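**Q** If you scroll down you'll find the structure; I have some questions about it.
We did not get these values from a lab; they are worked out from the coordinates using the rules stated. Keep in mind that what you see is a predicted model, and the values were worked out from it rather than measured. Note that we place each Cβ from the backbone using ideal geometry, even for glycine, and neighbour counts take in every protein chain shown.
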Amino acid sequence: MGKQRVAVQPASGSLSARAGSPFSVSGLGPPGSHAPRVDKVPPMGPDDLRIGHGYDLHRLEPLPPAGAGRALVVGGVRLEHDRGPVAHSDGDVLLHAVTDALLGALGEGDIGQVFPDTDPAHAGRDSADFVREAVGRASAGGWRVASLDATVILERPKIAGAKGRIRETLAGLLGVDVSRVNVKGKTHERVDAVGEGRAIEAHVVVLLVRDDGEGDLERVD
Ligand SMILES: [Zn+2]
């Protein structure tokens with residue numbers, strides 16, 4: 001169990017437990033009803049947080065010999081389908097969006113700059129390598145992942161049965177508990193390229209927190 005640093009009452013309106021920080025919201029609601037309980041919390045400010053957004057899309061084509069699609073892999077998990085992404089690497093749309101979210105939070109550009117698709121070294125490459133590189137850059141910069149939320153938009157197959165494995169794979173790559181990772185699947189209501197099964201999209205947001213080396217933030221009630 002991690003070090004107990006933050007005590008947050010689950011009452012609605014309790015947006016922050018950090019009295020005195022820029023995120024403090026004491027004074028909201030009736031007196032006493034939402035008052036956050038604070039236990040010896042070191043000051044945390046904007047310099048301790050970074051948020052990043054990632055987006056990716058890949059065209060889906062039939063698998064060879066009918067087309068140029070690669071096997072469909074989403075979040076490191078293989079999905080059975082008669083189409084797959086056209087890509088220089090393995091075409092894992094979700095891991096690409098995760099990588100871009102991490103690089104974005106770090107202010108280090110995007111996946112195309114760090115891993116150019118003109119580089120033969122990246123041909124067919126396991127996209128987990130890209131995430132590992134981005135996580136390594138975060139660690140080197142003194143950051144760790146607080147949470148990640150992802151949406152995969154794919155008409156078929158449904159990812160519902162794979163979401164648990166995708167979450168576990170992402171959590172493993174990010175070095176966090178699976179509870180800090182969320183994966184949502186949506187269709188595109190049969191409209192446009194994604195809805196017609198000709199493309200797959202992913203959106204990701206990630207929150208990084210300054211890693212002070214004192215372990216995990218622990219939520220206690
Ligand atoms: Zn991509």
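**Q** For region 47-210, how big is Rg over Rh, using alpha carbon atoms and the Kirkwood form of Rh?
**A** 0.97
**Q** Give, as a single signed number, the net charge of other residues whose beta carbon lies under 10 Å from the beta carbon of T187, with Lys and Arg counted +1 and Asp and Glu -1.
**A** Numbers: positive: R156, K158, K186, R190; negative: E155, E189.
Here the charged neighbours net out to +2.
**Q** Which of S147, S127 has the fewest other C-beta atoms within 10 Å, and how do the rest follow up to the most?
**A** S147, S127
**Q** Still on this structure, please answer the following. Name the GluC sites (Glu not before Pro) in region 132-221 that are in a loop by DSSP and that have at most 16 other C-beta atoms within 10 Å, would you? Don't skip to the answer; put the middle values down first.
**A** Details: sites: E133, E155, E168, E189, E196, E201, E214, E218; in loops: E155, E189, E196, E214, E218.
Of the GluC sites (Glu not before Pro), the ones in loops of region 132-221 whose Cβ has at most 16 other Cβ atoms within 10 Å are E189, E196, E214, E218.
**Q** Hey, another quick one. Is region 96-138 rounded, prolate or oblate when judged by the Cα gyration tensor, a ≥ b ≥ c being the square roots of its eigenvalues, rounded requiring a/c under 1.5 and prolate requiring a/b larger than b/c?
**A** prolate
**Q** State whether region 161-205 is rounded, prolate or oblate according to the following rule on the C-alpha gyration tensor (a ≥ b ≥ c being the square roots of its eigenvalues): a/c under 1.5 gives rounded; otherwise a/b larger than b/c gives prolate, and the remaining case gives oblate. Don't skip to the answer; put the middle values down first.
**A** Numbers: a/c = 3.16, a/b = 2.72, b/c = 1.16.
Verdict is prolate for region 161-205.
**Q** Filter the trypsin sites (Lys or Arg not before Pro) in region 132-221 to those in DSSP coil with at most 11 other Cβ atoms within 10 Å of their Cβ, and list the result.
**A** When the trypsin sites (Lys or Arg not before Pro) of region 132-221 are filtered for loop state and at most 11 Cβ neighbours within 10 Å, R190 remain.
**Q** In whole angstrom, how long is each semi-axis of the equivalent ellipsoid of region 76-120, when you take the square root of 5 times every eigenvalue of its Cα gyration tensor and sort them from largest down?
**A** Equivalent-ellipsoid dimensions as semi-axes: 23, 14, 6 Å.
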